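The structure appears right after this line, and notes come after that.
The values are calculated or read from the model by the stated rules, or taken from the named source; none is laboratory data. Nothing here was measured: the structure is a model prediction, and the numbers come from that model. With ideal geometry, Cβ positions are generated from the backbone for all residues, glycine too; neighbour counts draw on all protein chains shown. Areas reflect the complete protein model, heavy atoms only, side chains present, ligands, DNA and RNA absent. Shrake-Rupley method; radii C 1.70, N 1.55, O 1.52, S 1.80 Å.
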Amino acid sequence: MQTQTLGNIDIDRQRVDRELATTDDFGFAEQYGEFQSGLPWKSCMLWSVGGEVGDGVIAHYDRTLPCVPTKYGTQLDYLNELITRSFNTEHMLFARLVLMTDNVLIPHRDFVEFVEDPVEARAAHRFHIPLATDETCLFMDDRTIYRMPVGQVWSLDVTHLHSAAVLSDTRRYHLILDFADAPSQADLFAFPASPSGGIPAENTVDRPEITEDEREALHNLSGVLSMDTISQVAGIVVRTEYRKDGGEDFSWRTITEIARRGGDTEVMDHLAKLREHCTLRRGE
């Protein structure tokens with residue numbers, strides 16, 4: 001599994017826009033607040049194991065049940081059509097419509113909560129289909145920053161440190177599809193796929209290296225770091241990583257150094273637990 005493009009699917013922008021407009025009345029859940037700095041990252045279950053909308057936290061569903069449309073998925077004829085014509089839903093566990101705006105996610109790993117699940121119930125593949133986006137919508141895989149244009153299908157290796165950002169008030173919508181494992185990833189989709197073998201160069205974003213003065217300015221945020229400002233300080237660091245190349249594991253290294261310089265043991269203990277939760281293990 002690696003982060004790569006799988007190909008393109010035809011998307012009728014007018015039909016997508018009409019259906020996205022109807023979702024304003026849907027029950028979007030706001031989860032994973034510990035990963036975020038900004039406005040809420042929201043998701044709406046369109047398909048789920050058991051067909052329940054639930055709370056949107058994928059570890060909370062019985063993944064031994066079949067995946068079927070929820071009450072929201074059945075109302076979105078065109079998005080439902082995109083899913084069923086492009087993927088083999090036999091292996092699908094979840095399909096979510098995700099809305100993100102003016103927000104950054106702290107670098108984290110996913111699927112770490114499923115390592116002890118039976119193979120047939122374990123989320124093993126994640127696909128993204130961008131539906132509405134612009135140049136301010138960015139993604140991070142380790143230290144590579146890239147963009148996903150509308151209509152491209154992406155496979156993400158979410159066991160790598162990764163992140164997403166919307167550095168504006170754009171309302172970015174993606175379909176995010178989670179699948180159980182299969183003998184071959186090709187068994188999961190029905191469109192003519194052509195895996196890129198990595199993040200294509202034309203999708204990547206070049207960034208200048210961060211200067212020592214800029215790095216020191218971030219470290220000086222230690223003067224305002226407290227339990228009340230952790231999210232905001234982390235957000236400044238992560239937003240900086242989307243604009244400047246600071247090397248491997250820049251965000252976590254920098255946030256940890258800010259906390260060390262601040263000297264508040266409560267903050268340092270909290271960040272150590274948060275880093276473990278985001279990158280090593282979590283119960284949900």
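Structure data summary
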item: Phi-based couplings in Hz for the range 20-29 (Karplus 6.51, -1.76, 1.60; Gly and Pro marked x); result: 4, 4, 6, 7, 4, 8, 7, x, 6, 8
item: With 5 Å bins from 0: P(r) over the chain, alpha-carbon pairs, percent; result: 1, 5, 12, 16, 18, 17, 13, 9, 5, 3, 1
item: Alpha carbon convex hull of the range 126-284, volume per residue in cubic angstrom; result: 140
item: Kirkwood hydrodynamic radius (C-alpha pairs) into Stokes-Einstein, the range 180-219, 37 °C and 0.692 mPa s, D in µm²/s; result: 226
item: Label-reachable residues, the range 243-269, where backbone N falls under 20 Å from a point 7 Å from Val205's Cα toward its Cβ; result: 243-255
item: Most mobile listed residue (Asp17, Asp213, Asp269) in the chain, GNM with C-alpha springs under 10 Å; result: Asp213
item: Cα point-scatterer Debye curve for the range 1-95, base-10 log of I(q)/I(0) at q = 0.14, 0.26 Å⁻¹; result: -0.62, -1.31
item: Protein accessible area in the chain, 1.4 Å probe - carbon and sulfur %; result: 47
item: Mean separation of Cα contacts under 8 Å (6+ apart) over length of the range 128-275, as relative contact order %; result: 23
item: Helix-only [θ]222 nm of the chain, DSSP H runs n ≥ 4, -39500 (n - 2.57) each, per residue, nearest 500; result: -7500 deg cm²/dmol
item: Between 0 and 90°, nearest 10: helix 230-243 axis offset from the chain longest Cα axis; result: 80
item: Between 0 and 90°, nearest 10: helix 250-262 axis offset from the chain longest Cα axis; result: 40
item: Extension gain, Asp25 back to Tyr78 (0.36 nm per residue minus Cα-Cα distance, nm); result: 17.3 nm
item: Spacing of the two label points (7 Å from each Cα toward its C-beta) at Glu212 and Glu248, in nm; result: 2.3
item: Nitroxide proxy distance, nm - points 7 Å out along Cα→Cβ at His270 and Asn8; result: 4.6
item: The chain: antiparallel DSSP beta bridges as a percent of all, rounded to 5; result: 100
item: 1.4 Å probe accessible area per residue over the chain, in Å²; result: 44
item: For the range 1-50 and the range 170-231, distance of Cα centres in Å; result: 16
item: Top of Pro200, Pro107, Pro208 by mean-square fluctuation, Gaussian network on the chain, Cα under 10 Å; result: Pro208
